[in-house]
Amino acid sequence: MKTRSRGAASDWASWMAGACEQARDPRLAGFYRDFPHDPSAPVADLPLIAIDLETTGLDPARHAILSIGLLPFTLSSIRLSDRRHWVLRPPTGLSGESVRFHNITHSDTEQAPAMAEILTDLLTALAGRLPVVHYHPLERRFLQRALEQELRQPLRFPLIDTMELEARRHRRGGLARLRHWLGRPPASLRLNDCRQRYGLPAYGAHHAVLDALATAELLQAQIQHHYDATTPVGELWV
């Protein structure tokens, strides 16, 4: 299996050390200082946190975060009692399509906090944990834009993407070429379809905490089946 090179993985450690020194906001400095950025650390030794965002659309330049779900976990346990969930008041408002998709209504968001009001709690919940998501271009880009708008400083961090781990196995390499040769469609990378490959139950989609739980369970299964507890995290993150 092709993985990120150790050199590429270690670049994150250098970047984050510099970002910590340059951070003007103490909350951001604390985030970088406590981040588990050692690429050689065994994945089983790291505290993890599954993140899911529900958004008003797919373009972070035009749309906003509607809800955030966080769920701390390790490869051996999931801390449901420590889950966090926020519904936010999006500055861009809600469309009818968004309401139908997420079942979060105007009445849910009218009295909800703005991102600035939960920022301290959000960074505190993330402190010292490696984020895990399913499809990092959405989660990382929306979080980056939202926090950069509030802090006026860049937010960058490595994470584990369960969709990327599935893509390495099912969209690239020998398995993908065999499916193409047999005339079969590419393997689905949707969250519940990925879970089905490991015998995990399907959950209802588009609730941030439930999708975070689904992502945490999926990573536990991926590591159990294709890696091991001593796998350096630098081989997994993006």
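State all residues of segment 45-73 that are within 18 Å of Gly234 (Cα to Cα) and open to solvent by 40 Å² or more (accessible area, probe 1.4 Å); if no residue qualifies, say none.
Asp45, Pro47
Which condition from (1) part of a helix (DSSP H, G or I); (2) under 17 Å from His134 (Cα atoms); (3) of a type outside the set (A, V, I, L, M, F, W, C) is the one that Arg27 breaks?
Condition not satisfied by Arg27: (2).
Restricting to segment 4-40, and then to whatever is surrounded by fewer than 15 Cβ atoms within 10 Å (Cβ to Cβ) and of a type in the set (S, T, N, Q), can you tell me which residue is modelled with the lowest pLDDT?
The qualifying residue modelled with the lowest pLDDT is Ser5.
Applying the selection to segment 127-146, what residues are without any contact (Cβ under 8 Å) to a residue 60 or more places away in the chain and part of a helix (DSSP H, G or I)? If you could, list the steps in order and put the result at the bottom.
Filtering segment 127-146 down to residues without any contact (Cβ under 8 Å) to a residue 60 or more places away in the chain leaves 135, 137, 140.
Pro137, Arg140, listed by residue number.
Could you please find all residues in segment 145-171 being closer than 25 Å to Gly30 by Cα and open to solvent by less than 30 Å² (accessible area, probe 1.4 Å)?
Once the filter is applied, which keeps residues that are closer than 25 Å to Gly30 by Cα and open to solvent by less than 30 Å² (accessible area, probe 1.4 Å), segment 145-171 yields Ala146, Leu147, Leu151, Gln153, Leu155, Phe157, Pro158, Leu159, Ile160, Asp161.
Do you know which residues across segment 8-57 are among the hydroxyl-bearing types (Ser, Thr, Tyr) and over 29 Å from Trp86 (Cα atoms)?
Within segment 8-57, Ser10, Ser14, Ser40 meet the criteria.
Quickly run through segment 172-199 and pick out the residues that are surrounded by 16 or more Cβ atoms within 10 Å (Cβ to Cβ) and either of a type in the set (Phe, Trp, Tyr) or at pLDDT 85 or above (or both). Spell out how you get there, then give the answer.
Of all residues in segment 172-199, those surrounded by 16 or more Cβ atoms within 10 Å (Cβ to Cβ) come to 176, 187, 189, 191-192, 194-195, 197.
Listed by number, the residues that qualify are Ala187, Leu189, Leu191, Asn192, Cys194, Arg195, Arg197.
Just to be sure before I move on: is Arg100 modelled with pLDDT under 95 and either touching a helix residue (DSSP H, G or I) at 6+ places or on another chain (Cβ under 8 Å) or outside any helix (DSSP H, G or I) (or both) in the structure I sent?
no
I'd like the residue in segment 210-229 that is closer than 16 Å to Asp45 by Cα and small (Gly, Ala, Ser) and, out of all such residues, is most open to solvent (accessible area, probe 1.4 Å).
Ranking the candidates gives Ala229 first.
Cβ-Cβ below 7 Å, separation at least six or inter-chain, first residue in segment 106-126 and under 15 Å from Arg89 (Cβ atoms), second surrounded by 14 or more Cβ atoms within 10 Å (Cβ to Cβ) and acidic (Asp, Glu): which pairs?
Met115/Glu150; Ala116/Glu150; Leu119/Glu150
The values are calculated or read from the model by the stated rules, or taken from the named source; none is laboratory data. Computed from a prediction, not measured in an experiment: that's the story for all the values here. Note that we place each Cβ from the backbone using ideal geometry, even for glycine, and neighbour counts take in every protein chain shown. Side chains are part of the model used for accessible areas, which takes the heavy atoms of the whole protein and leaves out ligands, DNA and RNA. Shrake-Rupley method; radii C 1.70, N 1.55, O 1.52, S 1.80 Å.
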